[in-house]
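The values are calculated or read from the model by the stated rules, or taken from the named source; none is laboratory data. Predicted model, so just to flag it, every value in this text is computed and none were measured. Neighbour counts are summed over all protein chains in view; Cβ atoms, including those assigned to glycine, are modelled from backbone coordinates with ideal geometry.
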Amino acid sequence: MTDVTEYTASLVWNELSCEQRGATERYYELRLDDVTDSRRSDVIVDHVTSPPAVVDVLTPYRRYTARVRYVNVVGVGPYTAPLQFTTLATGKSSPLSISPSFNQSNFCLE
């Protein structure tokens, strides 16, 4: 489940098996791109050891794409397919819940 508020997104993904990754992961890297305004810089959250990951530096009522990849002793895995979400407008009280899954190189809604 992914909870999205005005300033935060809590991202959860299914971890791959060691055989699928080629080695034990050291950590995950999340990349969030602000697609509302391409001039804004991307948010990269590094060294996430396991899901979930909470990103708390987002801007209200912006559309983002989120991708995740693993890093291990062999190297860096590919990013998943992007998951799009929009942060809530200021003043909204309940979070929006969406449920992504991480399967091979896919990060999709369920």
| Do you know which residues across the range 44-67 are buried (at least 18 other Cβ atoms within 10 Å of the Cβ) and under 14 Å from D3 (Cα atoms)? | A53, V55, L58, Y64, A66
| request: Those residues that are modelled with pLDDT under 80 and part of a loop (DSSP other than H, G, I, E, B), I need them from the range 75-107; list them, please. | output: G91, K92, S93, S94, P95, S99, Q104, S105
| task | Taking only the range 25-58 into account, find how many residues are of a type in the set (V, I, T) and over 22 Å from V76 (Cβ atoms). | result | 4
| Single residue of the range 68-84 satisfying the filter (within 10 Å of the chain's Cα centre (by Cα) and closer than 14 Å to T49 by Cα) that is surrounded by the most Cβ atoms within 10 Å (Cβ to Cβ) | V68
| note | Of the residues in the range 28-51, those that are at pLDDT below 85 and either in a strand (DSSP E or B) or under 17 Å from the mean Cα position of the chain (by Cα) (or both) come to S41, D42, V43, I44, V45, D46, H47, V48, T49, S50, P51
